[in-house]
Amino acid sequence: MSEYCDTSLIYLQSVNKNVAKTLIEKNHYTHKWTLCTIAYGIYYKDYIESSFFGGYNSKLIGVLVYGQSVGRSAGTSISPLLNNDNVMELTRLWIEDGYGKNIESYCIAESFRLLNVDFPNIKCVLSYADNEVGHAGTIYQATGFLYQGDIYVDLAKMPNYSISLNGPPNYDWIHSRSVYSRWKTHSVDKLKERLASARQGILADQETAVKRITICNTCDQLTSLRNCRKCGCFVDAKTKLLDTSCPLNKW
Ligand code: SF4
C-alpha cells in the first residue's frame, strides 16, 4: 500500500446513527457519543481477487459525525451574517489506521461535498481540537479550516467545554450546558466572580451526591448521554450541586 491513501478506493455515504455510535464509543479517544444530526460512514473498496468475478466488498473503516452547534455565539463568532442554522459542528472523526497519510483531510473534504447537498443552508463548519490530549487542529487547518484561537481564552465560543470546581488530581468536570443553566454565563471572569462568592454554598456533601447519582443511574429517564429526559440536565454534575432537585421528586 502506498504511503498516501488511494482515494479511488475510498467513498463516503450516510450511515445509521447507531452504527456510528458503536464505532465512536469503541474507537474514538473520548469513547463518548455526542449530538448527531448526520453521520457519514467512510468505506474502503476491498476488491475481490477472482479470474471470473469482479467487484468489491465495502468495508466500513471510519465515521464522521456532524451535529448542530449548540454554542449561542457559534455563528456570530465567525461572522455577524451567520446564525446557528447556518453552522454545523464536526463533532467526531475516527478512521482506522493503515489506509494512508492523507485520508483524514480527503474524507473531511468529501464530507463537505455531501453536507452541501444534504444541508444546503449550512454555510460554515466548526470543529474543536482538544489540546488537553495534544490535538492542535492541524488536520482541520490542512483542510481549509480557519483557526479561531484558543477557546480557553474565550469559552463562549466552545459549546462543549467543561469546567472543574476542583484542581488536579480530583477533577470534577461540569458540562458547558450545565454551567450556563446554573450560572447563566459563559464568561470566564463572571464565572470566577460567581464561584468565588458562592463556592461555600454550591456543592452538596458527598454522601448526598452519591445517593442522588445512584437513584439517577437506575432511572428510566436517564439517557445514554447521561442527561435527564425530564429536566435536560447532566446528572453527574447536577447531583453534586446543593440546591437542585429531581423533577420527579425521586431525590
Ligand atoms: S433527575 Fe430524577 S428524573 Fe432525572 S434521571 Fe435523575 S432520578 Fe431520573
Checklist line | Residue match in the stretch 177-193 (condition: within 12 Å of the ligand (Cβ to nearest atom), modelled with pLDDT under 85 and not in a helix (DSSP H, G or I)) | finding: no
Note to self: Considering only residues that are among the charged types (D, E, K, R) and either modelled with pLDDT under 70 or under 16 Å from TRP94 (Cα atoms) (or both), which ones fall in the stretch 111-140?
What the structure shows: ASP130, GLU132
Item checked: Identity of the residue in the stretch 6-31, buried (at least 17 other Cβ atoms within 10 Å of the Cβ) and β-branched (Val, Ile, Thr), that ends up modelled with the highest pLDDT -> VAL15
Item checked: Per-region count, the stretch 229-251, residues under 11 Å from CYS216 (Cα atoms), surrounded by 15 or more Cβ atoms within 10 Å (Cβ to Cβ) and near the ligand (Cβ under 9 Å from one of its atoms) -> 5
Checklist line | Filter pass, LEU242 being within 22 Å of CYS36 (Cβ to Cβ) and in contact (Cβ under 8 Å) with a residue 40 or more places away in the chain | finding: no
Next item on the list: Being more than 20 Å from TRP33 (Cα to Cα) and near the ligand (Cβ under 7 Å from one of its atoms) is the filter here, so list the residues in the stretch 199-218 that pass it.
Entry: ILE215
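The values are calculated or read from the model by the stated rules, or taken from the named source; none is laboratory data. Values in this document were obtained by computation on a predicted structure and should not be read as measured data. Cβ sites come from the backbone with ideal geometry, for glycine too, and all protein chains shown count toward neighbours.
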